[in-house]
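Remarks on the structure that follows.
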Amino acid sequence: GYFSSAPAFEPLPPGYALIRLSLNHAGQRMVACRTRSPEELAKLAQNPVGNLISVPFQNNTNFNVGPEKGTQNILNIQPVYPTQLNSEWSLIHRAIVPLLSQPAFTPGEDRKGGLGDIVYEGYFAPTPKPGGMIWGVGPAIQLKTATDDRLGSGKWAAGPAFVALQQT
C-alpha cells in the first residue's frame with residue numbers, strides 16, 4: 001500500500017538526530033469558543049501557565065565565552081500547550097528546546113552547533129480567579145537529547161517545577 005512505500009526512508013547522516021514531538025487531545029470542549037480581545041491575548045501571552053497555545057522564541061547571545069573568548073548563541077524554542085482537565089484544573093505542557101552554537105574551548109577546536117538537552121515541564125494549574133494568584137506545580141524532566149557532548153549535560157534529570165505570579 002501507499003503508506004508502506006511513501007515517504008521513502010532516508011537514513012540520517014552520522015552526527016544528526018531527528019526529534020518528533022506529537023501532542024494529541026481527545027477531549028471535548030468544556031465551554032464554547034469565544035473571541036479574545038487584544039488586551040486579553042497580550043495578558044495571556046505573558047502568563048507562563050495561561051490557557052493559550054503559543055510557541056515563543058528566546059535568543060540569547062553570550063560574548064567572551066570560555067578561554068578562547070568566543071561568542072555563544074542559544075535559541076530557545078518554548079512551545080506551550082494547555083489541556084483543560086475539567087472546569088477547575090488545567091495541565092500546561094511546556095518544553096524548552098535549545099538550539100546552540102557553541103564556540104571552541106581549546107585552540108584548534110571547531111565551533112559546534114546543534115540541539116541541546118530538551119526540558120519538559122508539566123504544570124497542574126487551577127483556573128485563576130480574576131485578580132487572584134496564578135500558580136502551577138508539576139514535574140520538570142530534562143531529556144538527554146544533545147547532538148554533541150559540548151551541547152548538553154549528557155544526563156537525564158527530573159525534579160519539581162513551580163510557577164507563581166500575580167497579574168494586574
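The values are calculated or read from the model by the stated rules, or taken from the named source; none is laboratory data. For clarity, every value in this text was computed on a predicted model and none was experimentally measured. Reconstructed Cβ throughout: ideal geometry from the backbone, glycine too, with neighbour counts over all protein chains shown. Heads up: the accessible areas ignore ligands, DNA and RNA and are worked out on the full protein's heavy atoms, side chains in. Shrake-Rupley method; radii C 1.70, N 1.55, O 1.52, S 1.80 Å.
Computed values, structure above
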| item | result |
| --- | --- |
| Point-to-point label distance, residue 59-residue 73, nm (Cα→Cβ direction, 7 Å offset) | 0.7 nm |
| Reach of residue 112 by Cα under 16 Å, taken over aspartates and glutamates that are not fewer than 8 positions away in the same chain | 68, 148, 149 |
| Relative compactness, the range 77-156, computed as alpha-carbon Rg over 2.2 N^0.38 Å | 1.52 |
| Protection proxy ranking of 158-165, 104-111 - average other beta-carbon atoms within 10 Å, highest first | 158-165, 104-111 |
| Rounded accessible area per residue of the range 51-168, 1.4 Å, Å² | 58 Å² |
| Cα-based convex hull, the range 32-168, per residue volume (Å³, whole number) | 133 Å³ |
| Net charge, residue 152 excluded, C-beta distance under 10 Å - Lys, Arg +1, Asp, Glu -1 | 0 |
| Members of 43/144; 69/155; 69/144 lying beyond 29 Å, as alpha-carbon distances in this model show | 43/144 |
